[in-house]
Every structure is written in structure tokens, then in C-alpha cells.
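Q: Starting off with a structure, shown below.
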Amino acid sequence: MRRLSIAKQEWDTNLSQLLSKYRIYAPIRNGTNCDYLEVQSALIPHIAYNEPKPVTPLKKFFLPVRENVTRVAVFDKPSLIIGAPNCDVEALGLLDQIYLDSAFPDESYRKRRENTTILCTDCLSINEHCHCTSYGLEPKGNMKSDLSLIRMDGDVILNVYSEKGEALLGSMNINGAPEPGRELEEVISKKSGEVMEQLTRQYPELPDYQLSGELVNGAGEKVWEQFSSDCVSCGACSAICPTCSCFLLVDRPGFEKIRQLDTCQYPGFERVAGGEDPLRELAERFRNRYMCKYVWKPGLYQEKACTGCGRCIDCCIGQINKNELLISLKE
């Protein structure tokens, strides 16, 4: 890992010059919301750095809601995604195992991953339902991204992890930037410690990831009936989750195959031609999602299928808090 520091104004100037070589996406705040937009020069000063999480999960850049998988993806430029939180970057570890399986690689996903450089940003604040540390993760960049960034007052501190990251710096002509000074490092360390402490206090009773899996696996029918009573099967929790990846494959005339993201929370998700449906009952569909997150996927891929972003709690129409469910199982 290489670490360097440049002035924010110099960073913005280099980003502006980079627009001719990269298609850049970054979170922009609009009122109470913060989400990705394609960046042009006028938006560069408004990029929201070190935010806990954009509304849209990182997976949408690699798994579009709908696409024709028989068409070869063509890119006019490589993409640069700025501002991905670590909970989303960690989720790509699971998606990569699913879609880049050596026996059955997904070409559409692979090409998008190869064409994209990910610049993760450390979280310097938290949202109401963030709980990554409960599952052993940290709200800062690591080697699953290509680079990570911290904006501290008038400085931008970069960590470089991959060849893609090095190539990006080469395009920006900032390879010779110095390492951050000791005083700046101390300020960053203090701020990161404060954020970690806030996250620790957020859900002190929440069981860790392994225990959550054991509790979910052993829960009886009454638990699922109780907590699913407010569920309206809208599927928002799965659609916005950074690790959910189920899809439909729809055949169309002209040998078109349309992949459309799907969710186990929809009625009819597992219905077969004969009419049988193992997930006909609402409580069964509700339970299925928790089993997938905490038991089945981690058992199959040795990766966490929940990274503690809290988006499913934020978006739930029925105001179901999955952390409250897990805490109740522990108690």
C-alpha cells in the first residue's frame, strides 16, 4: 500500500482533467439524500466525500436492474467510482465469488468489473442504522478496493492498493505527491477512532455475525410470523441490499435474454410450472432472506452476506428493523 497527500484544490483540478479519460461517478448531496451522479466539471466541488453510504448500493454499477445479457458490453471509457463506503466494497467480495466463478463466469459482470476503478472513502460520520463493526468490519478502505480516500479540511489523503489505482494516479500526474505528515495522521487517527466508538455504541446488544447465523438457524415459526406481520412483500430490502443478487432470465424474440433483478420477498418467487411454491407463505419468504444472509451464503462462499449498511432498515415500508429481530433472538 502506498499513501500520499495532496491539496484538495489540486485534487479537484486533476479530477477535471481526468474527465477526458474516465467516466466518473460520485455521490452528490441533494437535500437529505446523497447518491451517485455522473460527474462533470461543475459538480466536482460538490462531491460528498467520507459520507456513510450513498442511497444506491455499489452493486448497481455491475448488476443493472435490467439488461440484455446476449449483447456484448461496449465501453467508450473506463469508469471511476468515487465515494463507495467499505460496507459496499466488502459486499463485492461475495458478488465476485458468485459472478466470477471460474467454471461459470458472468461475462457482463466481469467486463464491468474490469472496466471500473473503485475509490473507497473512509466514513467520518455514521447514519442511524449503520452497524458494520458489529460484524467485524471497519468503516474505512482496504485492499478490496483500488484506492481509498480521506478528505481532511484542505487535504486529500490517498491509499493506493492495486495496479488500477496506480494507473489512475499515473493518469492524474500526482505520483510524486508526499506522504501525509505526522500531525495530519494524528488528526485522521483521532477522527477514525471517534467514528469507531460511535458505531460500537450504536447497537451494543446486536449479536456478531456468526452468532446471528446460529440464532436465525434455530429460530422457530412464531418468530418469523411475528416479525413478518408488517411486511408488505415490496422487496425493497433485497433491491437495495449490496449483496442480494437473485435475478430472472426472460427470453425475448430474436434470442434476447433479459436479466432482471428479482427478490425472494416477491410472491411467486419460487413458484414452479406445476403450481407448487415452497415460499407461498409470507413468513416463509421472510425467513428465507435471513437464512440466505446469515446461514446459506456464508456457508457456501465464506463471505459475509450482510455487511451492516442498514439500508434494509432505512427503506422498509413496514418499519421492520432486522437488528431488533436479531437482538430479540439473542435475548
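The values are calculated or read from the model by the stated rules, or taken from the named source; none is laboratory data. Everything numeric in this text was worked out from a predicted model, so none of it was measured. In this analysis, Cβ positions are derived from the backbone assuming ideal geometry, glycine residues included, and neighbour counts consider all displayed protein chains.
Q: Of everything in the stretch 294-331, what is under 18 Å from Glu214 (Cβ atoms), in contact with a Lys or Arg (Cβ under 8 Å, 6 or more places away or on another chain) and of a type in the set (A, V, I, L, M, F, W, C)? Give them in sequence order.
A: Ala305, Cys306
Q: Let me ask something else about it. Taking only the stretch 145-156 into account, find how many residues are in contact with a Gly (Cβ under 6 Å, 6 or more places away or on another chain) and part of a loop (DSSP other than H, G, I, E, B).
A: Pass one, the stretch 145-156, residues in contact with a Gly (Cβ under 6 Å, 6 or more places away or on another chain): 146-148.
Retained after the next criterion (residues that are part of a loop (DSSP other than H, G, I, E, B)): 146.
Of the residues in that region, 1 qualify.
Residue-by-condition table, conditions (1) polar (S, T, N, Q); (2) within 22 Å of the chain's Cα centre (by Cα):
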| residue | (1), (2) |
| --- | --- |
| Leu206 | no, yes |
| Lys222 | no, no |
| Ser229 | yes, no |
| Ala236 | no, yes |
| Pro242 | no, yes |
| Pro253 | no, no |
| Cys264 | no, yes |
| Pro267 | no, no |
| Arg271 | no, no |
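Q: Shifting gears a bit: Given Asn127, Asn159, which one is of a type in the set (S, T, N, Q), closer than 30 Å to Trp296 by Cβ and outside any helix (DSSP H, G or I)? Spell out the reasoning first.
A: Working: Asn159 fails: closer than 30 Å to Trp296 by Cβ.
So the residue among Asn127, Asn159 that is of a type in the set (S, T, N, Q), closer than 30 Å to Trp296 by Cβ and outside any helix (DSSP H, G or I) is Asn127.
Q: Sticking with this structure for a sec: Name the residue that is farthest from Ser125 (Cα to Cα), counting only residues in the stretch 7-39 that are within 18 Å of the chain's Cα centre (by Cα) and of a type in the set (Ser, Thr, Tyr).
A: Out of the qualifying residues, it is Tyr25.
Q: What's the number of the condition Ser125 fails, among (1) more than 17 Å from Pro242 (Cβ to Cβ); (2) of a type outside the set (A, V, I, L, M); (3) crowded, with 16+ Cβ neighbours inside 10 Å?
A: Tallying (1) more than 17 Å from Pro242 (Cβ to Cβ); (2) of a type outside the set (A, V, I, L, M); (3) crowded, with 16+ Cβ neighbours inside 10 Å, Ser125 fails exactly one: (3).
Q: Looking at Leu215, Leu184, can you tell me which residue is more than 21 Å from Pro52 (Cα to Cα) and outside the structural domain of Val69 (by TED's automatic domain parsing)?
A: Numbers: Leu184 fails: outside the structural domain of Val69 (by TED's automatic domain parsing).
Going through Leu215, Leu184 in turn, the sole match is Leu215.
Q: Checking the conditions here, which among Leu58, Leu119, Leu92, Leu100 is more than 16 Å from the chain's Cα centre (by Cα) and within 15 Å of Lys144 (Cβ to Cβ)? Break it down into steps so the answer makes sense when it comes.
A: Details: Leu58 fails: more than 16 Å from the chain's Cα centre (by Cα); Leu119 fails: more than 16 Å from the chain's Cα centre (by Cα); Leu92 fails: more than 16 Å from the chain's Cα centre (by Cα).
Residue meeting the stated conditions: Leu100.
Q: Please verify whether the stretch 97-110 includes one or more residues that are surrounded by fewer than 19 Cβ atoms within 10 Å (Cβ to Cβ), outside the structural domain of Trp296 (by TED's automatic domain parsing), closer than 24 Å to Gly154 by Cα and not charged (D, E, K, R).
A: Checking the stretch 97-110: not a single residue is surrounded by fewer than 19 Cβ atoms within 10 Å (Cβ to Cβ), outside the structural domain of Trp296 (by TED's automatic domain parsing), closer than 24 Å to Gly154 by Cα and not charged (D, E, K, R).
Q: Is it the case, given these coordinates, that Gly181 is among the small types (Gly, Ala, Ser) and without any contact (Cβ under 8 Å) to a residue 60 or more places away in the chain?
A: When the stated conditions are applied, Gly181 does not pass them.
Q: Of all the residues that make up the stretch 32-81, how many are in contact with a Phe, Trp or Tyr (Cβ under 7 Å, 6 or more places away or on another chain), surrounded by 19 or more Cβ atoms within 10 Å (Cβ to Cβ) and within 15 Å of Leu18 (Cβ to Cβ)?
A: Adding up the residues that qualify gives 3.
Q: Considering every residue within the stretch 180-194, establish whether at least one is surrounded by 12 or more Cβ atoms within 10 Å (Cβ to Cβ), within 25 Å of Pro85 (Cβ to Cβ), in contact with a helix residue (DSSP H, G or I) (Cβ under 8 Å, 6 or more places away or on another chain) and at pLDDT below 90.
A: yes
Q: Determine the pairs where a residue that is not assigned by TED's automatic domain parsing to the domain that holds Thr116, located within the stretch 17-31, has a partner that is surrounded by fewer than 13 Cβ atoms within 10 Å (Cβ to Cβ) and not in a loop (DSSP other than H, G, I, E, B) with Cβ atoms under 6 Å apart, the partner being 6 or more residues away or on another chain.
A: none
Q: Condition (residue is surrounded by 15 or more Cβ atoms within 10 Å (Cβ to Cβ), under 30 Å from Asn86 (Cβ atoms) and of a type in the set (Ser, Thr, Tyr)) applied to the stretch 225-238: is it met by at least one residue?
A: Scanning the stretch 225-238, I find at least one residue that is surrounded by 15 or more Cβ atoms within 10 Å (Cβ to Cβ), under 30 Å from Asn86 (Cβ atoms) and of a type in the set (Ser, Thr, Tyr), so the answer is yes.
Q: Restricting to the stretch 183-215, give me the number of residues that are assigned to a helix (DSSP H, G or I), out of contact with any Leu (no Cβ under 7 Å at 6 or more places or on another chain) and not acidic (Asp, Glu). Give the derivation first.
A: Here is the first cut: in the stretch 183-215, the ones assigned to a helix (DSSP H, G or I) are 183-202, 209-215.
If we keep only those that are out of contact with any Leu (no Cβ under 7 Å at 6 or more places or on another chain) as well, we get 183-190, 192-194, 196-202, 209-211, 213-214.
Next, from what is left, pick out any that are not acidic (Asp, Glu): 184, 187-190, 192-193, 196, 198-202, 209-211, 213.
Result for the stretch 183-215: 17.
Q: Oh, and also: For Cys132, work out the one condition from (1) hydrophobic (A, V, I, L, M, F, W, C); (2) in contact with a helix residue (DSSP H, G or I) (Cβ under 8 Å, 6 or more places away or on another chain); (3) modelled with pLDDT under 95 it doesn't fulfil.
A: (3)
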